[in-house]
1. Could you please rank Asp75, Asp151, Asp294, Asp389, placing first whichever residue has the fewest other Cβ atoms within 10 Å of its Cβ?
2. Classify the range 321-419 as rounded, prolate or oblate from the Cα gyration tensor: take a ≥ b ≥ c as the square roots of its eigenvalues, call it rounded if a/c is under 1.5, otherwise prolate when a/b beats b/c and oblate if not.
3. For the chain, what is the relative contact order in percent, using Cα pairs closer than 8 Å and at least 6 residues apart in sequence?
4. Could you list Asp329, Asp406, Asp296 so that the one with the fewest beta carbons within 10 Å of its beta carbon is first and the one with the most is last?
5. Name the residues whose placed amide hydrogens come within less than 5 Å of the amide hydrogen of Asn91, ignoring near sequence neighbours (fewer than 5 apart) on the same chain.
6. On C-alpha positions alone, give me the angle between the axis of helix 242-252 and the longest principal axis of the chain, in degrees, nearest 10.
7. What are the extents of the Cα atoms of the range 19-356 along their three principal axes, listed from largest to smallest and rounded to whole Å?
8. For the pair Val414 and Asp23, what calculated FRET efficiency results from E = 1/(1 + (r/R0)^6), where r is the Cβ-Cβ distance and R0 = 51 Å, to the nearest 0.05?
Amino acid sequence: MMTTKERYESAREIYRQAGVDTDEALKILKDIPVSMHCWQGDDVIGFDQRGALSGGIQTTGNYPGKARTPQELMDDIDKVLSLVPGRTKLNLHASYAIFEEGEFADRDAIEPKHFAKWVEFARERHMGIDFNPTFFSHPMVKDNLTLSSPDPEVRKFWIRHGQACLKIAQYFAEELGQPCVMNIWIPDGYKDIPADRLTPRKRFKESLDEILGIPYDKEKVLVCLESKVFGIGMESYTVGSSEFTVNYAASRGILPLMDNGHYHPTEVVSDKISSMLLFFDKIALHVTRPVRWDSDHVVLFDDETKEIAKEIVRNDALERVMIGLDFFDASINRIAAWTVGMRSFRKALLYALLTPNKKLADFQEEGRLTEVLLIQEEMKTYPFGDVWDYFCESCGVPVRETWYDDVKAYEEQVLSKRD
């Protein structure tokens, strides 16, 4: 029986004949940062509220073992990191502030000190941190409105929250020596057909201008604005539509963020990436798996995930596209869900790196479209799995499905003891 290394050497020769350097692909792959979303571990609950999710977000399922404390969430993140190859960043929501006993700060008053333990955690693991203001699951979300609310007190509260998050994001960047991607998404919208679409968007624009009006280092904090097509309770109208967010980002010198669950079912983000790269120096992604709607299923090694990765790689945009994952599934083991999603997107990046992209692009330019099609199809049966297995082994993480043995042991020893 061939060893993982022997299978890799055989695969390397097959890919070499196709014009692909697998050694170089693995070198690049290992250093591509993928941002791991903390909210898969506790169903997007966070530590500053104890109520149910609200604001157009819903998690389904009640699998036992959810993280209940910062330490439990950190332990779970560590378990996933031990199973996933490559460079990882940590992606936090503001609702994951950690308070000392007897201390509390509302979202408009959070400070860097409330995230010091996260910085310590990330520094010890040589990780950067990305960040998100949390504009949901809070009493000041009034009638599904935040930054676009007609109530000035509601708007002011959330503007202060956004400004506080900018300061925290810069703190992350300065402490950890890596830029912090700070993504703004709001749940604002209406369930039924609105009488006035313009005014809420005008208020949203003015609120964003106030948030971004405070001083911050644009090299250290990469502010993004994320769109959405609809949400629970806002099915007919979303204030932060794609047209709004792209135009605002372009006019204010910030990044657009595309979540591939936030578009109509016939739209695909993979087709949008090349257009966005022509007009923005950098863009950001939240990679998820929508099933008929924005349901945030676990990311798989499926066609659209592969196409997203291909567009990033073939356009030489690995340093221009900020990659984060965004899904939350409470119906299955949360550690397994995290691991499947993280490994799947890393597989997609490898698959893209093992494609003879230059040759295919040249053939397209020369009108050799038959050859483009047949090479794309033949590459699907190349020994990709042997290269992936070798990458996992060389990174010191389990090969193939053996990682689930670790998850089952962790569930028995740790998760099953949580109430």
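1. Details: Asp75 15, Asp151 12, Asp294 21, Asp389 18.
The order, fewest Cβ neighbours first, is Asp151, Asp75, Asp389, Asp294.
2. Cα axes put the range 321-419 in the prolate bin.
3. 20
4. Numbers: Asp329 23, Asp406 17, Asp296 26.
Arranged by neighbour count, lowest to highest, Asp329, Asp406, Asp296 become Asp406, Asp329, Asp296.
5. The list, which skips near neighbours in sequence, is Met36, His37, Cys38, Asp130.
6. Tilt of helix 242-252: around 80 degrees.
7. If we take the Cα atoms of the range 19-356, the spans are 60, 45, 40 Å.
8. Working: r = 38 Å, r/R0 = 0.74.
Efficiency, rounded to the nearest 0.05: 0.85.
Here, each number is a calculation from the coordinates, and none is a lab measurement. All figures in this text were calculated on a predicted structure; none of them were measured in a lab. Virtual Cβ from ideal backbone geometry, glycine too; neighbours counted across all protein chains shown.
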